[in-house]
Amino acid sequence: MMSAGMSIAVALVVTFPMLLSIAAYGWSSVFGDPHRFPGSPRVHRFLMICQFAGVTAVYAFPSSYSLYLLASIYAGQGFGAAYYIHKKGRVDCGCLGPQVQSKLGLPLVVINILFAGICIISSITYGFISQEVAVPRLVPVGLLLEAMLLLLSLVVIVGVPDAVHAIRLYRRMAARHAPKVLKRKERAV
C-alpha cells in the first residue's frame, strides 16, 4: 500500500515537467512571446490544455485513473516528438518557453516515454495493491497544491533565467570598475 507521502512524492515527480511547460506557455501567451513549437498553434494549445487537464486530474482527483491519463499524455508527447523529429529534424520545441533553448531529440522522446512508464507503474501500485475505490473524489487541497506548484514553476521558468541574465550583465558592467575598487582596497589596508 502506498503511503500518502509517497503518493504526493510521485505526483510531484510526474507532474513537475508538465507544470514547467504550462507555466512557460502561459507566460509566453500573456506577454506575446513567440511560441517555438514545431507544430501549429492549434496543436500547441490543445497539448497545453491536455497537460493542464492531466495535472489537475492528478491533484484534484487523485486516483489511478488520473495517473493513466497522465501516462497517455506523456506517451502522446513522446510519439509526437518522434514524429516532429522525423518530419523536421532537431528543431526548437519551445517546451520550456522563450528563455530556455530546448531542442527536439531522442532524449526528449525517451524522457516522455519514461515518465509514461513511471505513471503506469505508480498507478498499478497505487490502484491495484491498495484496493483503491474506483470513484475518484475532489480534493480541494490538491488544487491549492497545484496552484502553488504552478507559481514555483513560473519562478523556475522565468525568474531563474532572467536572474542569470541580470547577473551576467551586472558582472560585465562591474568588470570595468574592478581595478579601481581593488586599488582602493589595497590603499585602505
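The values are calculated or read from the model by the stated rules, or taken from the named source; none is laboratory data. Here the structure is a predicted model, which is why all the values come from computation and not from measurement. Every residue, glycine among them, receives a Cβ derived from its backbone with ideal geometry; neighbour counts consider all protein chains shown. Note: accessible area is taken over every heavy atom of the protein model, side chains too, but ligands, DNA and RNA are not part of it. Shrake-Rupley method; radii C 1.70, N 1.55, O 1.52, S 1.80 Å.
Assorted remarks:
- For region 28-85, the gyration tensor built on C-alpha atoms gives an oblate shape. Its axis ratio a/c (a ≥ b ≥ c) is at least 1.5, and a/b is not larger than b/c.
- Mean separation of Cα contacts under 8 Å (6+ apart) over length of the chain, as relative contact order %: 31
- Taken over the Cα atoms of region 11-112, the convex hull encloses 92 Å³ per residue.
- ³J(HN,Hα), Karplus 6.51/-1.76/1.60, whole Hz, each residue of region 53-58, x for Gly, Pro: 5, x, 5, 5, 4, 5
- Pair ARG45, LEU114: separation of 7 Å Cα→Cβ label points (nm): 3.4
- Whole-Hz Karplus values for region 15-29 come out as 9, 4, x, 5, 4, 4, 5, 5, 4, 5, 5, x, 4, 5, 5 Hz, taken residue by residue from phi with 6.51 cos²θ - 1.76 cosθ + 1.60 and θ = phi - 60°; glycine and proline positions read x.
- The chain - accessible surface per residue (Å², probe 1.4 Å): 62
- Given charges at beta-carbon only (K, R positive; D, E negative), |dipole| of the chain in Debye: 1380
- Amide hydrogen neighbours beyond the local backbone of LYS103, cut-off 5 Å, H modeled: CYS93
- Matching label, Cα Rg over 2.2 N^0.38 Å computed from the structure shown, candidates (i) 1.65; (ii) 1.17; (iii) 1.32: (iii)
- C-alpha long axis of helix 106-124 to longest principal axis of the chain, angle in °: 40
- Accessible surface comparison of ASP162, ASP92, probe 1.4 Å, protein chains only, largest first: the order is ASP162, ASP92.
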